[in-house]
Amino acid sequence: MVVKLFPASTVGVATPAGAAGAVPRFAGGPHGRISPTTAKQWLDAGAVAVGLGGELLPRALRQAHAWDQISHNASELLGKLREKQA
């Protein structure tokens, strides 16, 4: 089971690792104000998943049908996550 940590900005990046030390088999998944850069930070800190919404697909870009910029945002996220695996 994964516990949704929302909004992520109120719990802090250290929460998944700290909770895992106190509660065996804890799995945290932060949501809210997660960006491509902070997604990597959360995963490095022990989160098992991250939820991106507005930071990845801002309303203004959706309304403007700015699919190239949205694709760029997704590519940036994947690049950051691949850095974690390297």
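Identify all residues within region 41-86 that are among the polar types (S, T, N, Q) and over 21 Å from Val3 (Cα atoms); write none if there are none.
Answer for region 41-86, where residues must be among the polar types (S, T, N, Q) and over 21 Å from Val3 (Cα atoms): Gln63, Gln69, Ser71, Asn73, Ser75, Gln85.
The condition of being crowded, with 17+ Cβ neighbours inside 10 Å, of a type in the set (A, V, I, L, M, F, W, C) and modelled with pLDDT of 85 or more holds for only one of Ala39, Ala49, Ala8, Ala66, that being Ala39. Would you mind stating whether Leu61 is under 17 Å from His31 (Cα atoms), in a helix (DSSP H, G or I) and of a type outside the set (S, T, N, Q)? So Leu61 fails the test. Of everything in region 16-36 that is in a helix (DSSP H, G or I) and modelled with pLDDT under 65, the residue that is farthest from Asn73 (Cα to Cα) is Ala22.
The values are calculated or read from the model by the stated rules, or taken from the named source; none is laboratory data. On a predicted model such as this, the values are computed, not experimentally measured, just so you know. Positions of Cβ are backbone-derived with ideal geometry, glycine not excepted, and every protein chain shown enters the neighbour counts.
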